[in-house]
1. When segment 79-88 is examined, which residues are found to be closer than 22 Å to Leu109 by Cα and either modelled with pLDDT under 90 or not aromatic (Phe, Trp, Tyr) (or both)?
2. Looking at (1) farther than 20 Å from Leu109 by Cα; (2) small (Gly, Ala, Ser); (3) touching a residue at least 60 places away in the same chain (Cβ under 8 Å), which is the only condition Gly76 fails?
3. Please count how many residues of segment 1-25 are among the acidic types (Asp, Glu) and loosely packed, with under 15 Cβ neighbours inside 10 Å.
4. Can you confirm whether segment 35-44 contains a residue that is out of contact with any Asp or Glu (no Cβ under 8 Å at 6 or more places or on another chain), free of Cβ contacts under 8 Å to residues at least 24 places away in the same chain and either part of a strand (DSSP E or B) or under 22 Å from Ile120 (Cβ atoms) (or both)?
5. Of the conditions (1) of a type outside the set (Ser, Thr, Tyr); (2) more than 27 Å from Lys128 (Cβ to Cβ); (3) under 14 Å from the mean Cα position of the chain (by Cα), Asn25 fails just one. Which one is it?
6. So the check is Cβ under 9 Å with 6+ separation or different chains; which pairs have a first residue in segment 1-24 that's among the hydroxyl-bearing types (Ser, Thr, Tyr) and a second one that's crowded, with 17+ Cβ neighbours inside 10 Å?
7. Answer yes or no: is there a residue in segment 121-133 that is of a type outside the set (S, T, N, Q), closer than 26 Å to Phe37 by Cα, touching a helix residue (DSSP H, G or I) at 6+ places or on another chain (Cβ under 9 Å) and crowded, with 16+ Cβ neighbours inside 10 Å.
8. Take the conditions among the small types (Gly, Ala, Ser), assigned to a loop (DSSP other than H, G, I, E, B) and either in contact with a Pro (Cβ under 9 Å, 6 or more places away or on another chain) or closer than 19 Å to Leu2 by Cβ (or both) and apply them to Ala103. Does it pass?
Amino acid sequence: MLHRSLKKRIMPDVWMAPGGHREFNEGLFECARREVFEETGLKIKNLRIKATGNAFLRDLNEEFFFHFITADYASGRLKQKIDDGEFVWLTKNQILKQKNLLAELKHVLPIVLDGTREVISFKAVYSKGNTLTHFSLEKP
C-alpha cells in the first residue's frame, strides 16, 4: 500500500493502492503492469479486473475513474520511497485498520479481496479530502 506524502495536493497522508493514468492507446492490463512497475519496482502477472468505479472530489471539482485489479507477484524488489510517498507491505486486515485509508476502499476492498470472481461497479463522492459523503454499488 502507498502512504501518500503530506505534500500531495490530492489525498495527502492517505493510504491507497498504487495506480496512475492510462497513456494514449494503452490497454488496461498494459497500463496496470507499467504503473505498478514504475511506482513499486515490481512485475506482476495473472491480472484480474475486480472493480470499476468513479470518485467525484467536490472540493476540487474533479472526477476520477478507477479500475481495481488484483495480480500475482512475478519479480522485482519493492521501492520503499517515491515522490508520492512510501510503500509498505500490509495484510488485508492491516489495510482495513489503517486510520487514513482512502475512504472508498473500506467499502471496496472487502468485496474485491473476498476471493470471488464477481466484478463490481461503484460511485463515490468526497466533500473535501478523504471525507466520503456518498458511496453506492451499482446493480448489474
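1. Initially, segment 79-88 is screened for residues closer than 22 Å to Leu109 by Cα, giving 84-88.
Asp84, Gly85, Glu86, Val88 - these are the residues of segment 79-88 that are closer than 22 Å to Leu109 by Cα and either modelled with pLDDT under 90 or not aromatic (Phe, Trp, Tyr) (or both).
2. Unmet condition: (3).
3. Residues of segment 1-25 among the acidic types (Asp, Glu): 13, 23.
When the remaining residues are screened for being loosely packed, with under 15 Cβ neighbours inside 10 Å, the result is 23.
Of the residues in that region, 1 qualify.
4. Step one: list which residues in segment 35-44 are out of contact with any Asp or Glu (no Cβ under 8 Å at 6 or more places or on another chain), which gives 35-38, 40-43.
Cutting the leftovers down to free of Cβ contacts under 8 Å to residues at least 24 places away in the same chain gives us 35, 38.
This time we only want the ones that are either part of a strand (DSSP E or B) or under 22 Å from Ile120 (Cβ atoms) (or both), so: 35.
Yes, some residue in segment 35-44 is out of contact with any Asp or Glu (no Cβ under 8 Å at 6 or more places or on another chain), free of Cβ contacts under 8 Å to residues at least 24 places away in the same chain and either part of a strand (DSSP E or B) or under 22 Å from Ile120 (Cβ atoms) (or both).
5. Tallying (1) of a type outside the set (Ser, Thr, Tyr); (2) more than 27 Å from Lys128 (Cβ to Cβ); (3) under 14 Å from the mean Cα position of the chain (by Cα), Asn25 fails exactly one: (3).
6. Once the first residue is among the hydroxyl-bearing types (Ser, Thr, Tyr) and sits in segment 1-24, its partners that are crowded, with 17+ Cβ neighbours inside 10 Å give Ser5/Asp84; Ser5/Gly85.
7. no
8. Details: among the small types (Gly, Ala, Ser): yes; assigned to a loop (DSSP other than H, G, I, E, B): yes; either in contact with a Pro (Cβ under 9 Å, 6 or more places away or on another chain) or closer than 19 Å to Leu2 by Cβ (or both): yes.
Here the answer is yes, as Ala103 does meet what is asked.
The values are calculated or read from the model by the stated rules, or taken from the named source; none is laboratory data. Just so you know, these numbers come straight off a predicted model, no measurement behind them. As a convention, Cβ positions derive from the backbone with ideal geometry for all residues, glycine included, and neighbour counts pool all protein chains shown.
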